[in-house]
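A.B. asks: Questions regarding the structure given below will be posed in turn.
The values are calculated or read from the model by the stated rules, or taken from the named source; none is laboratory data. Just so it is clear, the structure is predicted and the values come from calculations on it, not from any experiment. Using ideal geometry, Cβ is built from the backbone for each residue, glycine included, and neighbour counts are taken over all protein chains shown.
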Amino acid sequence: MQTTLYEQDFYAWTQEQAARLEGRHFDALDMPYLVEEGDIQQLWASHHEMLRRLGLGESPEMIAAALGVTAHTVINFRDSSLVQVRLKELAARRDEEGLDDGHRL
């Protein structure tokens, strides 16, 4: 059975859905999974917070406990190719600006 982008790389899936919405390609939206996720704004906020905490070096277990998700969810998010790129960008920015780990990204 072939896995979907939603199952393979959740963050990439969210970015794809956002691009489809922005481009008004409503017929191309992945409606079954969008309905399953429910509150898209809360989902975005949760992923933004995961990204911020990962950028600060928090462990998946700490993030999972703080956000009420599983460590597996955080690890899958962290391992997404798009998230890896974003984490590298955040680390470079932090190094460039001389920010310490307590600074909000």
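A.B. asks: In segment 3-39, how many residues are without any contact (Cβ under 8 Å) to a residue 12 or more places away in the chain and touching a Leu at 6+ places or on another chain (Cβ under 6 Å)?
C.D. replies: Summing the residues that are without any contact (Cβ under 8 Å) to a residue 12 or more places away in the chain and touching a Leu at 6+ places or on another chain (Cβ under 6 Å) in segment 3-39 gives 2.
A.B. asks: Looking at segment 55-74, I want the residues that are within 17 Å of LEU43 (Cα to Cα) and have a partner that is outside any helix (DSSP H, G or I) with Cβ atoms under 7 Å, at least 6 apart or on another chain. Which pairs are those?
C.D. replies: Pairs that qualify, where the first residue is within 17 Å of LEU43 (Cα to Cα) and the partner is outside any helix (DSSP H, G or I), are ALA64/THR70.
A.B. asks: Residue under question is GLU58, and the condition is that it be surrounded by 11 or more Cβ atoms within 10 Å (Cβ to Cβ), modelled with pLDDT of 80 or more and part of a loop (DSSP other than H, G, I, E, B); does it hold?
C.D. replies: Considered against the rule, which asks whether it is surrounded by 11 or more Cβ atoms within 10 Å (Cβ to Cβ), modelled with pLDDT of 80 or more and part of a loop (DSSP other than H, G, I, E, B), GLU58 comes out as yes.
A.B. asks: Going residue by residue through segment 16-28, is there one that turns out to be closer than 20 Å to GLY68 by Cα and surrounded by 13 or more Cβ atoms within 10 Å (Cβ to Cβ)?
C.D. replies: no
A.B. asks: Additional query: Find the residue count for segment 70-94, including only residues that are within 20 Å of ALA18 (Cβ to Cβ) and not charged (D, E, K, R).
C.D. replies: 11
A.B. asks: Find the helices (runs of 4 or more DSSP H) located wholly in segment 5-45 whose residues include 3 or more that are within 16 Å of the chain's Cα centre (by Cα) and closer than 22 Å to GLN84 by Cα, and list them.
C.D. replies: Qualifying helices (runs of 4 or more DSSP H): 5-8, 10-22.
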